[in-house]
1. Of the residues that sit in region 105-125 and are surrounded by fewer than 24 Cβ atoms within 10 Å (Cβ to Cβ) and touching a Lys or Arg at 6+ places or on another chain (Cβ under 7 Å), which one is farthest from Ser87 (Cα to Cα)?
2. Among (1) crowded, with 18+ Cβ neighbours inside 10 Å; (2) among the aliphatic types (A, V, I, L, M); (3) assigned to a helix (DSSP H, G or I), there is one condition Leu80 misses while meeting the rest; what is its number?
3. Take the residues in region 54-66 that are within 13 Å of the ligand (Cβ to nearest atom) and of a type in the set (A, V, I, L, M), then tell me which one is nearest to the chain's Cα centre (by Cα).
4. Restricting to region 19-45, name every residue that is buried (at least 24 other Cβ atoms within 10 Å of the Cβ) and either of a type in the set (A, V, I, L, M, F, W, C) or under 20 Å from Asp227 (Cβ atoms) (or both).
5. If you check every pair at least six apart or on different chains, which have Cβ atoms under 6 Å apart with a residue in region 36-58 that is touching a residue at least 12 places away in the same chain (Cβ under 8 Å) first and a residue that is near the ligand (Cβ under 10 Å from one of its atoms) and assigned to a helix (DSSP H, G or I) second?
6. Regarding Arg75, is this residue more than 11 Å from the ligand (Cβ to nearest atom), at pLDDT 95 or above and in contact with an Asp or Glu (Cβ under 7 Å, 6 or more places away or on another chain)?
7. Only helices (runs of 4 or more DSSP H) wholly contained in region 143-254 count here; list those with 2 or more residues that are within 30 Å of Ser267 (Cα to Cα).
8. Of the residues that make up region 278-290, is at least one under 20 Å from Thr176 (Cβ atoms) and out of contact with any Cys (no Cβ under 7 Å at 6 or more places or on another chain)?
Amino acid sequence: MSGQTWRRALVTGGAGFVGSHLCGRLLAAGCDVVCLDNLATGSRGNVAELQQRAGFRFVRADATDPAAWRALPGRFDLVLHFACPASPVDYLRLPLETLEVGSTGTRHALERARADGARFVLASTSEVYGDPLEHPQRETYWGNVNPVGPRSVYDESKRFAEALVTAHRQAHGTDTAVVRIFNTYGPRMRTGDGRAVPAFISQALNGMPLTVAGDGSQTRSLCYVDDTVDGVLALAASGEPGPVNIGGGEEITMLDLARRIVEITGSSSRIRFVDRPVDDPGRRRPDTRLARERLGWQPSVDWTEGLKRTIGWFSRSVAA
Ligand code: NAD
């Protein structure tokens, strides 16, 4: 954590996939952690182990509810705002809630950070670049987003949240940062959440066909969750306002990903091509020069190793 230590952190969305890994890392570094989560897409299981440790507290509450914020006692020196449905299946099921947590939820989190004098980090996303016309995507690129397309509830929620963070910083001097996270994968992803990695792994482990969208030539740059958490905490520990891209360096096609998962699992599954979702981005790769130069961060887990670890976790969860 670049020598920075926090005494007490608040992680909204801490019972989700990325948030629970963040909570675990902060606790391991000696920081007390309050996890505020309404369990809309997260689970108690994700934090069950953390709840055995001193210094961790789970609060089931909605980040858009002002009473929930008032009920949180004490002062935080770090606020990580990660609450938000993040997979397409989730945000299409919860469209208004997704917009609400990006707007009202972000405002409450910012106000708390300002009141407490805390460092604030917004979990933004590569989706702010939409279906990008510039490749790879640099932080200076403004994006190509369809404001009324089905994905807009997520993309625009995050774009608005970024604007809110920027305005808060300018108007009140709040110590803010924005991290634009690219596709992250790892243990604790949910099988039915519609994202390619958990879908392919569970299909391969169950001997079902791997459903590849379109012709599978669309690319993503996968980042293992431990690397993403390192990047988020490096940004938190810096004075940088961002936005800063955090994501994997190696771009792979969805078809290659499916084949690799079949190979690692030793599955007999075949590939089945299905319709591609509307506005599905064709190419996605971050330019991470800023993170490297300003934060000294770069991903260290290559995707074969990361996939092995993730497949291992899924196999154990299926067996449990
Ligand atoms: P996730 O769905 O596993 O976690 C989100 C968490 O937020 C869940 O625990 C959910 O219950 C909680 N939540 C949602 N709405 C809430 C509300 N109103 N109040 C309180 N809690 C609420 O998703 P994730 O993949 O862990 O993503 C975490 C964050 O990182 C999100 O903000 C997401 O946009 C961002 N992000 C993730 C990725 C990725 O690849 N996983 C990429 C880019 C950005």
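1. Taking the candidates together, the pick is Asp116.
2. (3)
3. My answer is Ala63.
4. Across region 19-45, the qualifying residues are Gly19, Ser20, Leu22, Cys23, Leu26, Val33, Cys35, Leu36.
5. Cβ pairs passing all conditions: Thr41/Asp90; Asn46/Ser20; Val47/Ser20; Phe58/Val47.
6. So Arg75 fits the description; yes.
7. 196-205, 225-237
8. Within region 278-290 (the criterion being under 20 Å from Thr176 (Cβ atoms) and out of contact with any Cys (no Cβ under 7 Å at 6 or more places or on another chain)), the answer is yes, since at least one residue qualifies.
The values are calculated or read from the model by the stated rules, or taken from the named source; none is laboratory data. Worth saying up front: this structure is predicted, and the values here are computed from it rather than measured. Counting neighbours? That spans all protein chains shown, and the Cβs are built from the backbone with ideal geometry, glycine included.
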